Amino acid sequence: QVQLVESGGGLVQAGDSLRLSCAASGRTFGRYAMGWFRQAPGTEREFAARISINGGVTHYADSVKGRFTISRDNAKNTVSLQMNNLNAEDSAVYYCAASLIWTAAKPSEYIYWGQGTQVTVSS
């Protein structure tokens, strides 16, 4: 079992950057592909980015491509999301999640979830 705890959210202005971190417990972190999702009020949880088990392959939603960068450190059991050039549409609760499916892009394909961290971007 993996427990995930996100941190790093906050209130920023449009154009600013923010770095989210997700700390994982357990010795099996390296077995899981990791993803970041986000959910704004009244909307469905949407995929933002994912990273392979060894960190060598990443995939991004079109809405964040070129602005967000996902990375992981298996030695420290962490996964991060660097977010640059933020805009109001990026405001949401951000969740990290773990999956056994490398190509997982749907929330139902992720088996472990953190509690989320709020990101608010003022325009």
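For the stretch 17-70, the set of residues classified as among the aliphatic types (A, V, I, L, M), in contact with a Gly (Cβ under 7 Å, 6 or more places away or on another chain) and within 13 Å of Tyr94 (Cβ to Cβ) consists of Leu18, Leu20, Ala49, listed by residue number.
Among all residues of the stretch 112-123, there is at least one that is modelled with pLDDT under 95 and on the phi < 0 side of the Ramachandran plot. Scanning the stretch 16-37 for residues that are in a loop (DSSP other than H, G, I, E, B) and out of contact with any Leu (no Cβ under 9 Å at 6 or more places or on another chain) gives Gly26, Arg27, Thr28. Taken over the stretch 1-56, the criterion of being of a type in the set (A, V, I, L, M), within 19 Å of Ala75 (Cα to Cα) and without any contact (Cβ under 8 Å) to a residue 60 or more places away in the chain is satisfied by Ala23, Ile51, Ile53.
Scanning the stretch 100-115 for residues that are touching a residue at least 12 places away in the same chain (Cβ under 8 Å), surrounded by fewer than 20 Cβ atoms within 10 Å (Cβ to Cβ) and among the small types (Gly, Ala, Ser) yields a single hit, Ala105. The C-beta contact set for the stretch 57-75 (first residue under 23 Å from Ser25 (Cα atoms), second residue among the charged types (D, E, K, R), distance under 8 angstrom, 6+ apart or interchain) comprises Thr58/Arg50; Ile70/Arg50.
Residues being open to solvent by less than 50 Å² (accessible area, probe 1.4 Å) and among the charged types (D, E, K, R): count how many of those fall in the stretch 59-78. Count: 2. Scanning the stretch 38-58 for residues that are assigned to a loop (DSSP other than H, G, I, E, B), small (Gly, Ala, Ser) and surrounded by 12 or more Cβ atoms within 10 Å (Cβ to Cβ) yields a count of 3. Checked against (1) among the polar types (S, T, N, Q); (2) out of contact with any Lys or Arg (no Cβ under 8 Å at 6 or more places or on another chain); (3) surrounded by 15 or more Cβ atoms within 10 Å (Cβ to Cβ), Asn87 passes all but a single condition, namely (3).
The values are calculated or read from the model by the stated rules, or taken from the named source; none is laboratory data. Here the structure is a predicted model, which means the values were calculated and not measured. Neighbour counts run over all protein chains shown; Cβ positions are idealised from the backbone, glycine included. In case anyone asks, the SASA skips ligands and DNA or RNA and just uses the protein heavy atoms, side chains included. Shrake-Rupley method; radii C 1.70, N 1.55, O 1.52, S 1.80 Å.
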